[in-house]
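Report on one structure; see the data block that follows.
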Amino acid sequence: MCGSRKEAARAGPRFPPPAPTTTPNPSWALADGSAPEVIGHLQENYYNLCMEKSQKINSFILHILQEVDEEIEKGSEGITLNIAGNSRLMPEEKVTGLDVRYNFVSDVGAYYAARLLQKQHNLVYLNLMFNDIGPEGGELIAKALHKNTTLKYLRMTGNKIENKGGMFFAAMLQINSSLEKLDLGDCDLGMQSVIALATVLTQNQTIKGINLNRPILYGEQEESTVHLGHMLKENHCLVELHMCKHNIKNCGIKQLCDALYLNRSLRYLDVSCNKITRDGMVCLADVLKSNTTLEVLDLSFNRIENAGAKYLSETLASHNRSLRALSVVSNNIEGEGLVALSESMKTNPTFSNVYIWGNKFDEATCVAYSDLIQMDRLKPDNTDVEPFMVDGHVYLAEVSNGLKKHYYWRPTYEEACTNSPNAGFTLVPVGEHL
């Protein structure tokens, strides 16, 4: 194998560098200005990605990928990337982000991820979502963050760390003072760990965004909203809160609204996929009359219906001038409520993004949103519908825009680089990653 590598090296690179430009050391070049020699599949992918993103190629990573390519050719099934920042081969450009989502890291890999957090002092972003990490792996990662002072963004999404792992992350937030965004969505957290996290966040002054989607909750008491509502009254640093699938009903949304009268930091609230109806919108519409910080509100997949949409429309038309984006996707709203929302956009210059797909469109709805788009009051990128004409009648088609379309997945084509599918994170950016 070594001989074939040397012959390939003498033959020159399979993928020639771009044409010369006036730039003395283009972004795709190595530190010494030379073009890299790309041979294996992982090297090829890394090389092409750097060229596509106009990023400088890290010679250390290229060397590591060459070793991995050689191991793959030998028949090795598992892949280990050793990118220790204290290696003598590591150049000045340290690795600051690591995304290994949708693999099989498991608790064994979590051990090495924890060691990485202890030794790598340049890592800012770590994405471990859906990697079959359990409570033990969650414990290792949480404890590694006790002394870590550099990591700012951690995604544990979809790893079943359960209540036990959640408790370790709550304990970590009492000590860690650098983490700014933590995603524990779909982690099977229990009520005990949700309450513990809410309690810790009353004192934590560094977390700006937290995702607690889909905990495993039993009972009908809506305890999670009680404790998270109390947290919002005390916390003046949290900017982004996700409470999808918390089984929130009208009593629960009232608890959150009572907190929003006092909170002056939260800008993005996600209460999608719950059981909120029109009665809950009475409380929410009222708090929006005085709240001046909330900018993005996700009510998708509830059941606010016409009455709830009209309550919101009246507030947005005459009182609120801070909300910029509203999603009412799949809320059993009919034409009357949808038209009322469109009318509020005409008098509210701040209200720029609205997402309505999955409701009941009539012709008046189609005409109303078509007119908003044609008069340039509603930008095509700021909504999830697009008008088209058939036999003299206007209809609405769905387009792939929304607040967080790429939360679970990201396409490999150009759409991934646009902001319209992830408008919530664009309007309220907490870090450079979802």
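The values are calculated or read from the model by the stated rules, or taken from the named source; none is laboratory data. Everything quoted here is computed from the prediction, not taken from an experiment. Ideal geometry is used to build each Cβ from the backbone, glycine not excepted, and the neighbour counts take in all protein chains shown. Accessible surface is based on the protein model in full, side chains and every heavy atom, while ligands, DNA and RNA are left aside. Shrake-Rupley method; radii C 1.70, N 1.55, O 1.52, S 1.80 Å.
Output the residues belonging to region 367-389 that are over 27 Å from the mean Cα position of the chain (by Cα) and open to solvent by less than 10 Å² (accessible area, probe 1.4 Å). Residues satisfying the conditions are Y369, S370, L372. When residues in region 347-356 are screened for being within 23 Å of E240 (Cβ to Cβ) and open to solvent by 10 Å² or more (accessible area, probe 1.4 Å), 2 of them pass.
The number of residues in region 41-87 being of a type in the set (S, T, Y), modelled with pLDDT of 70 or more and either part of a helix (DSSP H, G or I) or open to solvent by 80 Å² or more (accessible area, probe 1.4 Å) (or both) comes to 3. Being within 22 Å of L403 (Cα to Cα) and β-branched (V, I, T): is that true of I207 here? Against the criterion (within 22 Å of L403 (Cα to Cα) and β-branched (V, I, T)), I207 qualifies. Residue count for region 92-107 under the criterion of being at pLDDT below 75 and either under 23 Å from the mean Cα position of the chain (by Cα) or surrounded by 13 or more Cβ atoms within 10 Å (Cβ to Cβ) (or both): the result is 3.
All of N359, N401 fail the test of being among the polar types (S, T, N, Q), in a loop (DSSP other than H, G, I, E, B) and over 17 Å from the mean Cα position of the chain (by Cα), apart from N359. When Y407 is tested against the conditions (1) at pLDDT 95 or above; (2) assigned to a loop (DSSP other than H, G, I, E, B), the lone failure is (1). Residues that are charged (D, E, K, R) and at pLDDT 95 or above within region 215-249 comprise K233, E234, E240, K245, K249, listed in sequence order. Look at region 368-384: where a residue is part of a loop (DSSP other than H, G, I, E, B) and a partner is among the acidic types (D, E), sitting 6+ places away or on another chain with Cβ atoms under 7 Å, you get D384/E398. Evaluating L396 against the criteria (1) part of a strand (DSSP E or B); (2) open to solvent by 40 Å² or more (accessible area, probe 1.4 Å) leaves one unmet condition, (2).
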